[in-house]
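The values are calculated or read from the model by the stated rules, or taken from the named source; none is laboratory data. Predicted model, so just to flag it, every value in this text is computed and none were measured. Here the Cβ is made from the backbone with ideal geometry for all residues, glycine too, and neighbour counts use every protein chain on show. Please note that ligands, DNA and RNA were not included when accessible areas were found on the heavy atoms of the full protein model with its side chains. Shrake-Rupley method; radii C 1.70, N 1.55, O 1.52, S 1.80 Å.
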Amino acid sequence: MSNFDDTGSILGSADERVASQQERFEKIRTLVCPDSSVASLKLAKEVAALILERQANGQTFVLGLATGSTPVPFYRELIRLHQNENLSFKNVVTFNLDEYYGLKRDHPESYFRFMHDQLFDHVDIPTEQIHIPDGTIPMESVYDYCLSYEKQIEEAGGLDLQILGIGRTGHIGFNEPGSAMESTTRMITLDRVTRQDAAADFMGVANVPRSAITMGVGTILKAKNLVLMAWGSNKADIVKEASEGEITDRVSASFLQTHHSAVFLIDSAASSRLTRFRHPWLVGAVNWDASMKKRAVTWLSSQLNKPILKLVDEDYNEKGTGELLASTSEAAYEVNIDCFNRVQHTITGWPGGKPNADDSYRPERANPFPKRVLVLSPEPMDAFIGMGGTLNRLKEQGHEISLLFQTSGNLRVADVAALNFARVTLEMAEAIAESGWEDQKRYAQSIINALDEKGEFGVDNQLVRRLKGLILRGEVRDAASVCGLEPGAVRFLDLPFYEEGRYRRFQRTESDVEIMQAVLEDLKPDMIFVTGNSGDPSSNQAIAFNCFAEAWSNFSDESWSSNCRVWSYRGRDGGFETHEIEMAVPMSPDQLEQKAEAIRKFMSTSDDDLSTPTRNREIAALYDALGMAEYEAIEAFCRWKG
Ligand code: F6R
């Protein structure tokens with residue numbers, strides 16, 4: 001079976017692939033690995049072996065490369081192999097998949113710059129062997145240029161291996177929905193979702209280029225080997241569609257099903273929607289423990305659009321879950337009741353536990369009461385998106401809340417917010433015209449100048465980033481106050497990894513972990529809320545989570561930590577599936593409106609993800625459909641056990 005282990009190889013041998021029973025829905029060989037770094041290390045090792053093999057024969061190795069966050073750990077490992085193990089890239093010829101159109105090569109978000117920062121500047125590849133589509137060539141020359149790019153690949157002997165990521169639209173390269181299977185290198189208009197996903201990198205969706213030059217699907221399919229990597233729960237839906245769905249130009253990656261040696265290398269979060277993991281009873285025998293039953297029954301109920309308590313034996317048989325009843329010798333009625341209760345017990349209006357109540361079936365313990373509750377928000381908006389309503393409940397129910405913002409989030413603040421602040425300060429200084437205001441005047445002017453000089457796609461200097469961070473802090477305080485929290489409950493950690501980085505290139509440092517460790521040591525909380533544990537590992541959220549997790553692991557012997565429960569919430573990284581939810585906190589229409597009000601306080605961010613109330617309504621609708629009480633909205637949580 002194509003599970004990831006240390007013995008099997010990632011590359012090659014797909015022709016001989018015999019899909020196991022479990023994998024029979026997957027039309028592409030798919031290797032699922034515990035995490036992205038293990039997978040990237042192994043891939044890098046195999047690629048290095050191929051490079052060396054060619055070197056020994058005096059031949060070149062032609063490597064197709066991708067940008068974005070997905071291949072970053074793979075590139076880091078190639079660099080390490082070069083620096084520590086003398087792997088030379090002198091015989092490597094590279095071709096990148098794509099480039100934004102209209103970006104100068106030295107723009108921080110150009111793929112030219114990205115590739116040099118992430119790989120080329122750190123290895124010994126000769127410059128003339130690097131090929132990246134040129135996004136600066138005049139429009140009238142694009143057609144000929146693309147033909148010549150194709151020709152260069154051919155003249156190099158074709159791609160030996162193409163590395164791919166996958167966009168949420170299913171694109172490989174920038175082959176957005178509608179791209180033909182035979183398409184070749186060309187200019188393409190970027191999809192709205194793709195531009196949205198790049199918004200943080202460009203500090204606002206308005207700054208994301210509208211078009212790009214990309215290798216075609218046909219160009220990619222000509223490669224001798226193809227490895228598509230995907231990390232994080234955000235990619236789970238599209239990975240399933242590409243691997244198990246029909247071959248369609250709506251999902252370019254589905255064309256990889258036609259390739260003789262394409263392989264998907266994914267982490268467990270990205271694999272979670274594949275049939276073998278999501279509905280394992282459809283592909284083989286399963287252990288019908290309580291959690292598997294809950295998974296199957298909630299699925300059955302939603303498939304048939306029938307509340308749990310109305311499911312009958314025939315329903316179980318018809319949808320392939322008959323084995324559940326057979327193997328447990330239970331009737332549908334008994335299974336239904338059991339599962340109904342399990343879901344019912346996740347619902348609580350007392351997220352911090354209900355004092356003086358029997359807590360045997362409640363998600364959280366009654367004692368201690370009140371609790372010291374630590375809420376970690378990787379970026380300022382995350383906690384409000386994921387648990388704004390619950391924050392309010394916890395506060396109202398008397399718990400001691402510390403809401404900690406791990407990073408400043410200053411990269412999300414729009415220029416115009418900083419500009420407005422600086423202009424008002426300047427006007428004040430000019431109107432007052434007193435010598436005491438000279439410093440403010442100079443400060444405001446330097447902000448205006450910095451923003452002016454930066455131009456449309458430039459990078460903010462530290463002064464501007466600091467101001468943007470402060471503006472966001474003000475909004476955070478307003479939002480927290482809407483949720484009933486006093487300013488004293490809110491703290492800003494400004495973790496260094498964020499202050500020194502850019503989106504997709506953040507790197508955790510020792511000081512980040514130390515800061516988190518000091519926080520835990522100081523607060524010794526009874527309950528912690530976190531997010532980012534299933535996100536793209538290079539996202540700000542995942543890095544912030546990992547800083548917490550590493551710090552947390554240092555307290556495993558302490559009694560306070562064994563009595564502390566850690567709950568995860570979901571902000572930007574997609575919701576939980578119904579069966580995963582272990583605590584569901586209902587919200588009334590008024591509470592939902594209050595949460596929306598808190599989110600509206602973030603006026604300065606160039607973030608369009610304000611659809612949270614819709615998501616909370618959807619969870620409530622799912623619970624309603626299972627036959628639970630009908631709530632306006634629900635915030636969902638799941639235990640994190642380390
Ligand atoms: C980039 C590219 C794209 C990305 C995809 C995923 O060269 O070709 O197809 O691989 O958009 O991006 P990340 O890895 O940032 O999620």
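Just need the relative contact order of segment 224-308 here, percent rounded to a whole number, with Cα pairs under 8 Å and 6+ apart.
Details: 85 pairs, mean separation 25.7, N = 85.
Contact order relative to length: 30 percent.
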DSSP bridge orientation in segment 31-276 - percent antiparallel, rounded to nearest 5: 25
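Over the chain, what is the percentage of antiparallel beta bridges among all DSSP beta bridges, to the nearest 5?
On the way: 16 of 57 bridges.
Given both bridge residues lie in the chain, the antiparallel proportion sits at roughly 30 percent.
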Highest average packing first - 545-551, 518-524, 597-603, Cβ atoms within 10 Å: 545-551, 597-603, 518-524
Amide hydrogen neighbours beyond the local backbone of Arg639, cut-off 5 Å, H modeled: Ser568, Glu582
Residue-by-residue Karplus 3J(HN,Hα) for segment 595-602, coefficients 6.51, -1.76, 1.60, Hz, glycine and proline x: 5, 4, 4, 4, 5, 5, 5, 7
Label point distance in nm, Val193-Glu430, each placed 7 Å from Cα along Cα→Cβ: 4.8
Using a Förster distance of 56 Å, the FRET efficiency for Asp478-Ser20 (Cβ separation, nearest 0.05): 0.55
Separation in nanometres of the label points that stand 7 Å from Cα toward Cβ, at Ala357 and Lys45: 5.1
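Okay, helix-only estimate at 222 nm for the chain: each DSSP H run of n ≥ 4 adds -39500 (n - 2.57), divide by all residues, round to 500 deg cm²/dmol; what do you get? List each step's numbers first, then the result.
On the way: 23 runs with 262 residues, N = 642.
Dividing the helical sum by the residues of the chain leaves -12500 deg cm²/dmol.
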In sequence order, calculated HN-Hα J values of segment 79-91 (Karplus, 6.51, -1.76, 1.60; Hz; x Gly/Pro): 4, 4, 5, 5, 6, 9, 10, 6, 5, 9, 10, 4, 9
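Apply the a/c threshold of 1.5 to the C-alpha gyration tensor of segment 404-515 and tell me whether it is rounded, prolate or oblate.
Details: a/c = 2.22, a/b = 1.37, b/c = 1.62.
Verdict is oblate for segment 404-515.
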Segment 308-342 and segment 360-426: distance between their alpha carbon centers, rounded to Å: 41
Integer Hz, Karplus 6.51/-1.76/1.60 couplings in order for segment 439-446, x for Gly and Pro: 4, 4, 4, 4, 4, 4, 5, 5
For the chain, alpha-carbon Rg and Dmax in angstrom: 26.3, 87
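Ignoring any ligand, DNA or RNA, what whole percent of the accessible area of the chain comes from carbon and sulfur when the probe is 1.4 angstrom?
Values: 12780 of 26480 Å².
Of the solvent-accessible surface of the chain, carbon and sulfur hold 48 percent.
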Spin-label pair Lys224/Glu438, simplified geometry with 7 Å Cα→Cβ offset, distance in nm: 7.2
Förster radius 56 Å - calculated FRET efficiency between Phe277 and Lys524, Cβ distance, rounded to 0.05: 0.95
For peptides 585-591, 103-109, 92-98, sequence by mean Cβ density within 10 Å, most packed first: 92-98, 585-591, 103-109
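With 19 Å as the limit, write out which pairs from Lys371/Lys601; Lys45/Lys90; Lys395/Lys595; Lys42/Lys235; Lys45/Lys151 have Cα-Cα distances beyond it, or answer none. Intermediate results must be reported in sequence, preceding the final value.
Numbers: Lys371/Lys601 28 Å; Lys45/Lys90 17 Å; Lys395/Lys595 14 Å; Lys42/Lys235 21 Å; Lys45/Lys151 30 Å.
Cα-Cα > 19 Å for Lys371/Lys601; Lys42/Lys235; Lys45/Lys151; rest within.
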Difference of contour (0.36 nm per residue) and Cα-Cα distance, Asp590 to Gln59: 184.3 nm
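Taking the radius of gyration and the Kirkwood hydrodynamic radius from Cα positions alone, what is the Rg/Rh ratio for segment 279-344, to two decimal places? All intermediate terms of the calculation are to be shown ahead of the outcome.
Details: Rg = 10.3 Å, Rh = 11.5 Å.
Reported Rg/Rh, Kirkwood definition of Rh: 0.90.
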Rel. contact order, % - alpha carbon contacts under 8 angstrom, at least six apart, the chain: 13
Length-normalised contact order of segment 31-276 in % [C-alpha pairs under 8 Å, at least 6 apart]: 22
